[in-house]
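Below is one structure, written out as structure tokens; the observations come after it.
Readers should treat all values here as calculations from the given coordinates under stated rules, not as data from a laboratory. Worth saying up front: this structure is predicted, and the values here are computed from it rather than measured. Cβ: placed from backbone, ideal geometry, glycine included. Neighbour counts: every protein chain shown.
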Amino acid sequence: MSGMTDLIVRPGVGIGSVELGMSAADVERAAGAPLRRRERGGFETLYFASMTVGIHGEGVRMVVAEPASSARLESPDAVRLGMAVSALADALGADLLYEEEEGLWRSDAHEGVLFEIARPADPGEEPIDPPLVPELYEITRPETAVLRRMFVQ
């Protein structure tokens, strides 16, 4: 898994070979050993080069396609990480809607997947993960914003 970066995002199911509901042992059998592991408050996080896996209780509750991957949505609309927001909206054929509780974007066209939209930092702006800043509540610069991560939960 450590070398695999071309991942298929399956809304409501999983990303790559990792599926919702899998145990940590199943994830490691499917994806290999994680680069790093963290446990906190009953929540275990496995970090791979191309994805992050969140496990709570008996199984996987969240899988995130990370920017290091060339993840794409399992659909005919060619949604992939790194694409411009203007192309994303066209590909989805639906509006992006902000999920305040998650701090992420969704589309009615693809239930079961959430999108992190980010843009370059303005001078003097504190980027959360350089050089990109998540677009929250409103996409302020659609001409430079891109699809940064996809979350399946």
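When the chain is fully extended, how far beyond the present Cα-Cα distance does ALA25 get from MET83, taking 0.36 nm per residue of separation?
Extra length available between ALA25 and MET83 comes to 17.6 nm.
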Selection from GLN153, SER107, LEU20, by position along the positive dipole direction of the chain (Cβ) | LEU20
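At 25 °C and 0.890 mPa s, what whole-number value in µm²/s does Stokes-Einstein give for the translational diffusion of the chain, with Rh from the Kirkwood sum over Cα pairs? Show your work: numbers first, answer last.
Numbers: Rh = 15.8 Å.
Reported coefficient: 155 µm²/s.
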Say the dipole of the chain comes from +1 at the beta carbon of Lys and Arg and -1 at that of Asp and Glu; which of TYR47, TYR137, VAL64 then lies farthest toward its positive end?
-> TYR47
Mind checking which of GLY16, GLY93, GLY82 has the largest fluctuation in a GNM of the chain, springs on alpha carbons under 10 Å?
-> GLY93
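When the dipole is taken about the Cα centre of the chain, and only Lys, Arg (+1) and Asp, Glu (-1) are charged at their Cβ, what size is it in debye, to the nearest 20?
Dipole about the Cα centre, nearest 20: 620 debye.
Just to verify a number: FRET efficiency for ILE128 and VAL13, C-beta to C-beta distance, R0 = 30 Å, to 0.05?
The computed FRET efficiency comes out at 0.60.
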Exposure proxy ranking, count of Cβ atoms within 10 Å, fewest first, for ARG119, ARG36, ARG141, ARG10 | ARG36, ARG141, ARG10, ARG119
Ranked LEU35, LEU136, criterion: other C-beta atoms within 10 Å, fewest first | LEU35, LEU136
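Could you size up the charge dipole of region 8-65 around its Cα centre, putting +1 on the beta carbon of Lys and Arg and -1 on that of Asp and Glu, and report it in debye to the nearest 20? Intermediate values should be presented prior to the final figure.
On the way: 7 positive and 6 negative charges, 39 e Å.
With only Lys, Arg, Asp and Glu charged at Cβ, the dipole is about 180 debye.
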Determine the gain in length on full extension of the stretch TYR137-ARG40; use 0.36 nm per residue of separation and subtract their C-alpha separation, reporting nm with one decimal.
-> 32.1 nm
So what is the diffusion coefficient of region 8-65 in µm² per second by Stokes-Einstein at 25 °C and 0.890 mPa s, using a Kirkwood Rh over Cα pairs?
-> 222
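Note the full-extension length gain between ASP108 and SER75 as 0.36 nm times their separation in residues minus their Cα-Cα distance, in nm to one decimal. Walk me through the numbers on the way to the answer.
Values: separation 33, 0.36 × 33 = 11.88 nm, distance 1.39 nm.
That works out to 10.5 nm of additional length.
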Within region 75-152: Cβ-based charge dipole about Cα centre, in debye rounded to nearest 20 (Lys, Arg +1; Asp, Glu -1) | 380
Order of ILE128, ILE8, ILE55, ILE139 - criterion: other Cβ atoms within 10 Å of each residue's Cβ, fewest first | ILE128, ILE8, ILE139, ILE55
Directionally averaged projected area (convex hull, Cα atoms, region 95-153), nm² | 4.2
